[in-house]
Amino acid sequence: MDLLRMNCELLATCSALGYLEGDTYHKEADCVESVKDLIRYLRHEDDTRDVRQQLGSGQIVQNDLLPIITQHGQDKALFDCCIRLMVNLTQPAMLCFGKVPDDPVFRHHFLQVTSHLQAYKEAFASESVFGVLSETLYNLLQLDWEQRQEEDNLLIERILLLVRNVLHVPADPCEEKKVDDDASVHDRLLWAIHMSGFDDLVKFLASAQSEQQWSMHVLEIISLMFRDQTPEALVSAGQARSAEEKHRDSQELEALRQKELAEKRSRMLYRGTRHSRFGGSFVVKGLKSIADKDVIYHRNIHNFKNYTHDTGKAVRRVPRRNRQAQECKDKRRSALNVRLFLREFCVDFLENCYNRLMYLVKESLIREQAQQHDESYYLWALSFFMAFNRGNGFRADLVSETMSIRAFHFIERNITNYYEMMLTDRKEATSWSRRMHLALKAYQELLLTVNEMDHSHDESIRQSCSVIKSNIFYLMEYREIFLTLLRKYDETRQPHSYLKDLVESTHLFLRMLERFCKGRRSLMVQKKRVKRRKPRGEKKPSSAESSPEALADTWKIVEEELKTTGFQLSEALTESIVPFDATSETPLEEQRTEAMVRVQDALLARLGPEALALLRAAREVWPEGDVFGSVDVEPEEELELLKQILHANLPRSSPPEPGVEEDDDAVLELEEEELESVQVSETEFNFLDFIKKFANPSIVRPYLHLLKSYSKNTPHTNHCIARMLHRLAVELKMDAQLFQLSVFHLFNKILSDPAAAAYKELVTFAKYVLNRFFSLAAQNNKAYVELLFWKNVGAVREMTEGYSNDGKGKKPTWTEEEELELRNLYEEYRHSEVPDIVETLLPLLSNTTRTRRQVVTQLVHMGLVDNAKELKKQKKGTQIVLWTEEQEEELQMLFEEYKDSDDVLGNILKKITAKRSRARVVDKLLSMGLVSERRELYKKRSRSAQAKSSGKGMTEEEFLSGLTQEFPDDLEDRDDEEDESEESEEEEEEEEEEEEERGRKESQNGGRRSQSLQSTVERRADVGTMVSTLHQEGMSGPLLWLQNCLNKTALHRDEDGLSQPVPLVPLTEANEDAMENKRFQKLLRKLGMRAPANEQETFWRIPAKISSSQLRSAAAALSPREDEPKGGEDLEGHGSPTEEPREEEEKEEEEENSGEQRAQALRALLLARKRKHHTTEHTAPVSDVTPTEDTDSTAERSQEKTSAKRSRVLDDDEEEEEGDSTAAMDLDKNGDADSDQEDISAPVKRRRKMVLIDEEEDED
């Protein structure tokens, strides 16, 4: 694109900037406005970046902008505008187009923009330009923070961005065809930076505490400055070659010389190359042609060495997705003066800036304050400068910031993340692969630095190194990262250099680990194992252990043993008991439940002291909530708690089934879905066992792939490959794993190489493997066939030890009689309508030890069924998805029939014809509009049942039903569980069965369901005490606000005649705190308010179904009750003739306030649990009660206290699913109530005094 095709407006604007006369630039009067117009044009350019291309073709940067800032830099406004424009013009082409375009037209525009950027870079390689930039930046940095304005900070950032953009421009390979040690454009740019002093300003920004906001920009600039450099080249700059370098160069020259001499010797044996018209034809003995005859060769015999069957065949095109990944561009050696300046820069940067800058950048990355992919600059800086420090007289204090376990963890996390993104983001797989290679280089450099520290003369450095090695060898993530990377290597996405670094890093790690193990007798390491368990499995004790008689005998023995010891435990027993595992990844809540199960196991084993010690140890670990008893608990209360733990039905995880691992992989799917959990433990480390993990074809193949380029590899790389193969073939005696045709072809290439003398280690190893193979082939005539396949450990053992033990350890065989029996039974029942034919056949087989899996496998093997999936165990509710019209009518009819029953959903599921899961039925009812909320389908309890007062002999569900049913918070929990149940159909079916079983238990135990939401709204008398309690807690303001909201909503509904849910939006801090208070939320539920249904709702709502009159009655109930009778004064003022009417009034009052009384009773029990009993205070107000009654009531109270303590740890998801259930607590049995229970409502006190009056009259 030339100037003649430039847009007229752009051309006029560029002309208005000024003109260059010789070396002097004359600016026009409206130069500033013209620059701003150009910025505006760039803002509105199209997808082809036409404005950018036209300005680049016009060379506006070279001819106008750079002369303006160098000659008119004193004009601050013009200077700022020019810097803004150049930052925009020099931004990378990748940012302009988003990516390298695939379309040819846009690819052309992309290359045009890149060529303009390369021209800009050459123009910036001037000391005068960077002199102006350095001077301006220096003056801005001299300003204190108080004097520095926002415009100054913007100008600093723009200058840094401009330098970053110019350094980022790639080199032009067509223009810069220069050899090493010659100055390229990038070298001249670096030299201009050095001569202008800009590099010193960069070091100041990296080290100054007040300029830490520019840390990310500084790191980007430094990484781009060293883009073409290697640490080794900079370390050796200006120094004489070391003895090691001389030896390495001599080895390379000797290898080339040997190869040349071998080629000369081979050419001497050839005949003359003069053409002979009678070259002749030759028969190649032993080489078969397409037919059965030998190959006839029609060419000159001296060319036969290059003969191949592929001659004349068309080269097969390799698909793009299968091509090997491309290598990054090679590094080049810069001019000597540039390398010397960069070397001094590295030395100064390490001494003054490295630790601080890396700390700031790491903090920005962790807090996600940086831009996307900025961690790649951090990884590059870590690997580059630590390598330079290692080669330039290693000093551990210079890189102390990145020499820690946190650095290992950070890099390991990034490697894992990059690999996952490489698999998911396939379009950008190459970019993710490069980032992964960068992270691997950083990890390798950390290991090299640790290894260098291990050889230090300073004892403190060696101790620090030992600590780091102990951590990285202990944790499984660091120990097995190389195993994972080798197993996941993909040559189509990861280049050859990545594999080279991976193999060398693995070699270094194994060498360090081997040396670390040799200095110790034993090494304990962390081990993680995936533990499979069945969902919701519970380990049921045997019937003999769980029988009431056996439990009673067990408790009698344990009780006598504890009383004999006086509840005193030995010090050895106390110290040996550990209630939880700090290294386990199991949550503390689950470990708390496991501790309770361990206590029960100790009691069942009749180990009383151990159970008591475990209970006390668990109390110290989990003191909150008094789950294992309060701190000052009495021995008698501990005894009672142990008794209830013994009789409780605790949840237990089921052990893995023994038959899961008996079959091969990919045989059948598991009959039931299994959950995986990671189990962490410690084990003694064995280095040889660790090496055995590398004896896998997926790990050996990458090594052999790298060995194919042995002639291009460095001697160290070939040594790493040979050492690993030696470990497998010699130390592990797994040489048969290398008996593979492609491996032998590679060995033949190495042995026939003219320069084989330079690869003595590889030649020796190849001869060893070949000798072993031919020795084995003399004994095993199938060895040559085995060459065609890669072999795992099992195949290697069979190849070397023989194939005679095929059937050992395999599945049991089927005899002919058993196969005939199975065939007859299958033919008999195949056309029957049994739901599961396999379950029908299992009990009919003569061999009753056969499992379902074995029967299905044999049916497939016999050809009776085509696929095992045909016999997969059917799960109800998973195959039926769509609803027909008849099914919808049936569902509507069943709902109308059972909508007034206690269990609407349960009755529908029992009667419906097409069996479906609970969640699908609920969703259909909601979509048909038959119900508006899920909670309308919850079970309702009858009001006549009473809860048990004692937990003795009760199951866990029965034990908790009397204590936790009063909390209406179960509604939220049930909603959450209902939402979770929709995620998995199989879990829904199990929940359905468990709910039905619990419904049967509740009907047997006489539990009752709460009334519907509307009936709860109509009953307002039970709110009074809760309102009084909230007033005492200082929530008068929120209660008044709630009352006003209810009254306003009632008024609006009367005026509009419409009812819609109204959110309760708290606008003050006091109201917000009240809405988060559990007692206030309990009051809201009592009033009928609806909690947020899901994560999309934030506020509580007034339901649309509540009428205006009900809202007014609810608002009236929020007023404080001033005329409430106190104690029993009103009752005592009346005569005995009115005793029967008073009793009737009390019964009515009891029915109205039953919910409130239960809540108050539960709170009183929880409060009494935290206080200490005072016997004198209990007996003072009740002088007429006999001592026997006092003792009984005290025992009942202690039992209830213990039950309340257990309810927290034994609380299970299955209990929460029972819904908003309430159970009446028999307070009449607790006539001798605690004096601490002063918050019980007035009706309870009146009824208690009524009992005392009746007793006095009876005595009279």
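Things to note:
- Of E368, E401, all but one fail to be surrounded by fewer than 21 Cβ atoms within 10 Å (Cβ to Cβ) and within 25 Å of the chain's Cα centre (by Cα); the exception is E368.
- Selected residue (only one of V87, V61, V105 is free of Cβ contacts under 8 Å to residues at least 60 places away in the same chain and among the aliphatic types (A, V, I, L, M)): V105
- Residue within region 110-124 that is of a type outside the set (G, A, S) and not in a helix (DSSP H, G or I) present: no
- Search result, residues across region 764-806 that are open to solvent by 20 Å² or more (accessible area, probe 1.4 Å), in contact (Cβ under 8 Å) with a residue 12 or more places away in the chain and among the β-branched types (V, I, T): V793, T800
- Within region 732-761, if we keep just the residues that are open to solvent by less than 10 Å² (accessible area, probe 1.4 Å) and aliphatic (A, V, I, L, M), the residue that is modelled with the lowest pLDDT turns out to be A755.
- Failed item, numbered, when K246 is tested on (1) at pLDDT 80 or above; (2) part of a helix (DSSP H, G or I); (3) charged (D, E, K, R): (1)
- Verdict on L788 being touching a Leu at 6+ places or on another chain (Cβ under 7 Å) and not in a helix (DSSP H, G or I): yes
- Within region 442-473, the set of residues being buried (at least 20 other Cβ atoms within 10 Å of the Cβ) and polar (S, T, N, Q) comprises Q444, T449.
- Selection within region 678-706 - among the aromatic types (F, W, Y) and more than 23 Å from K488 (Cβ to Cβ): F685, F687
- Residue satisfying condition, being in contact (Cβ under 8 Å) with a residue 40 or more places away in the chain, closer than 16 Å to L1030 by Cβ, surrounded by fewer than 15 Cβ atoms within 10 Å (Cβ to Cβ) and not aromatic (F, W, Y), within set K1078, K1082: K1078
- Any hit, region 67-88, residues being in contact with a Pro (Cβ under 9 Å, 6 or more places away or on another chain), under 24 Å from K121 (Cβ atoms) and among the aliphatic types (A, V, I, L, M): no
- Selected residue (only one of E966, E896, E933, E956 is crowded, with 19+ Cβ neighbours inside 10 Å and either touching a Lys or Arg at 6+ places or on another chain (Cβ under 6 Å) or modelled with pLDDT of 50 or more (or both)): E966
- Condition check for V834: within 30 Å of E514 (Cβ to Cβ) and either surrounded by 11 or more Cβ atoms within 10 Å (Cβ to Cβ) or not aromatic (F, W, Y) (or both): no
- In region 1052-1073, residue least open to solvent (accessible area, probe 1.4 Å) [restricted to those that are modelled with pLDDT of 85 or more and in contact with a Lys or Arg (Cβ under 9 Å, 6 or more places away or on another chain)]: L1064
This table checks each residue for (1) part of a helix (DSSP H, G or I); (2) within 21 Å of E504 (Cβ to Cβ); (3) basic (K, R).
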site: F694; (1), (2), (3): no, yes, no
site: S698; (1), (2), (3): yes, yes, no
site: S711; (1), (2), (3): no, yes, no
site: R723; (1), (2), (3): yes, yes, yes
site: H726; (1), (2), (3): yes, yes, no
site: A729; (1), (2), (3): yes, yes, no
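- Among the candidates S134, S126, the residue that is touching a Gly at 6+ places or on another chain (Cβ under 6 Å) and either of a type in the set (S, T, N, Q) or open to solvent by 40 Å² or more (accessible area, probe 1.4 Å) (or both) is uniquely S134.
- Among the candidates L154, L162, L141, L117, residue that is of a type in the set (A, V, I, L, M) and closer than 18 Å to I68 by Cβ: L162
- If you go through region 81-99 and keep only what is open to solvent by 30 Å² or more (accessible area, probe 1.4 Å) and farther than 15 Å from L133 by Cβ, you end up with N88, Q91, M94, L95, F97, G98, K99.
- Which numbered condition D172 fails, given (1) within 18 Å of T90 (Cα to Cα); (2) not in a loop (DSSP other than H, G, I, E, B): (2)
- Within region 20-39, the only residue that satisfies the criterion of being within 15 Å of V87 (Cβ to Cβ), of a type outside the set (V, I, T) and open to solvent by 10 Å² or more (accessible area, probe 1.4 Å) is K36.
- Enumeration of residues in region 360-394 that are assigned to a loop (DSSP other than H, G, I, E, B) and over 18 Å from I415 (Cα atoms): R367, Q369, A370, Q371, N392, G393, F394
- Taking first residues from region 1033-1047 that are open to solvent by less than 30 Å² (accessible area, probe 1.4 Å) and partners that are of a type in the set (F, W, Y), the Cβ contacts under 8 Å between residues at least 6 apart in sequence or on separate chains come to M1035/F1080; P1038/F1080.
- Candidate set: region 416-441, residues that are in a helix (DSSP H, G or I) and acidic (D, E); chosen: the one surrounded by the fewest Cβ atoms within 10 Å (Cβ to Cβ): E420
- Pair list, Cβ under 8 Å, 6 or more apart: region 307-321 residue within 14 Å of L287 (Cβ to Cβ), other residue open to solvent by 100 Å² or more (accessible area, probe 1.4 Å): Y307/R299
- Filter result for Y703 (part of a loop (DSSP other than H, G, I, E, B), in contact (Cβ under 8 Å) with a residue 40 or more places away in the chain and either crowded, with 20+ Cβ neighbours inside 10 Å or of a type in the set (F, W, Y) (or both)): no
- Boolean, L117 is among the aliphatic types (A, V, I, L, M) and touching a Ser or Thr at 6+ places or on another chain (Cβ under 9 Å): yes
- Members of region 472-498 that are more than 27 Å from the chain's Cα centre (by Cα) and assigned to a helix (DSSP H, G or I): H496, S497
- Count of residues meeting criterion [closer than 25 Å to E157 by Cα and outside any helix (DSSP H, G or I)] in region 175-227: 4
- When L117, L78, L66 are checked against the criterion of being among the aliphatic types (A, V, I, L, M), surrounded by 20 or more Cβ atoms within 10 Å (Cβ to Cβ), closer than 18 Å to R158 by Cα and more than 44 Å from the chain's Cα centre (by Cα), a single residue qualifies: L66.
The values are calculated or read from the model by the stated rules, or taken from the named source; none is laboratory data. Predicted model only: the values in this text are computed from it and were never measured. Please note: Cβ atoms are built from the backbone with ideal geometry, for glycine as well, and neighbour counts cover all protein chains shown. Surface areas here come from the heavy atoms of the whole protein model, side chains and all, with no ligands, DNA or RNA. Shrake-Rupley method; radii C 1.70, N 1.55, O 1.52, S 1.80 Å.
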